[in-house]
Amino acid sequence: MAIQPIAAVGREDGEEQQQSSLLAQSLKKQEESRTSLTEMIRDAKEKADAQREKFKLVKISPRYGDAPLEAYARLSRARTPAQAGSAAGYARRRIVQLEAAQRSDPDHADQIKAAVGQLRKAASRAGRKKLELTREQLSRARQKRMARENKRREEQRIKQELRRSQAMRAVRESGYFRETDIANRHADQLTATKMELRHQAEQLGSIASVDAALQGYSAGVQLAAADVDAPMEAPQVNVQA
């Protein structure tokens, strides 16, 4: 009957202990990997939540749309050519200021662009009103002359023309405010949409970094498992009869 030497039995026990030790180390590495990965995901989620809360905070953003509204308010109050010219000068000054602000505040570029566009229109419309007020002054002077000459019909005709011109201008100027309000709301919505998209892109960047970490840890776990699962060479045991 073949009897296995005591030294061979001891080697077998040592190999089993070595295999058990490698298995335990592999399991420990996998557990550490899961713990580290969980912490990374939790940190990424906390950062994303903090960023989201930051966006929810009420921010005092520059009200660039107020500039054209003020320009149109001055234009509407103008009763003389000089006042209309002053409204045009205000619009041109604000254009220069906003164009400078556009270089230092790119986040609100759409709002500034909309305001500048409306201010350009305000300056042009102020020049038009200046000419209209000048013509109206001439028409009033002619109306007074017709009254002195007792030309009642001509006087009434000039008076009606003045009233019609003023009424049409009032309607037109009220439309300026509505046009500016629509342009401002559109620019605000566009700015908010772009900021939200930028925020989402930043979140996607965080998720991409987590995905990369996941892939790295998965590769590490697979390598550790391969070390344990690799077939071990059977010990050479001499069996003597």
Practice task
Determine, from the Cβ-Cβ distance of ASN150 and ARG93 and an R0 of 41 Å, the FRET efficiency 1/(1 + (r/R0)^6), rounded to the nearest 0.05.
Solution key: 0.25
Handout entry: Heavy-atom accessible area per residue - the stretch 55-198, 1.4 Å, Å²
Key = 65 Å²
Handout entry: ARG140 paired with ALA201, simple spin-label distance in nm, labels 7 Å along Cα-to-beta-carbon
Key = 5.6 nm
Practice task
May I ask you to order 138-148, 67-77, 112-122 by the average number of other C-beta atoms within 10 Å around their residues, highest value first?
Solution key: 112-122, 67-77, 138-148
Exercise for the section: Using a 1.4 Å probe over the heavy atoms of the protein chains, calculate the carbon and sulfur portion of the accessible area of the stretch 80-194 as a whole percent. Expected result: 52 percent
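The values are calculated or read from the model by the stated rules, or taken from the named source; none is laboratory data. What you are looking at is a predicted structure, and each value in this text was computed from that prediction instead of being measured. Neighbour counts run over all protein chains shown; Cβ positions are idealised from the backbone, glycine included. All accessible areas refer to the heavy atoms of the entire protein, side chains included, with ligands and DNA or RNA removed. Shrake-Rupley method; radii C 1.70, N 1.55, O 1.52, S 1.80 Å.
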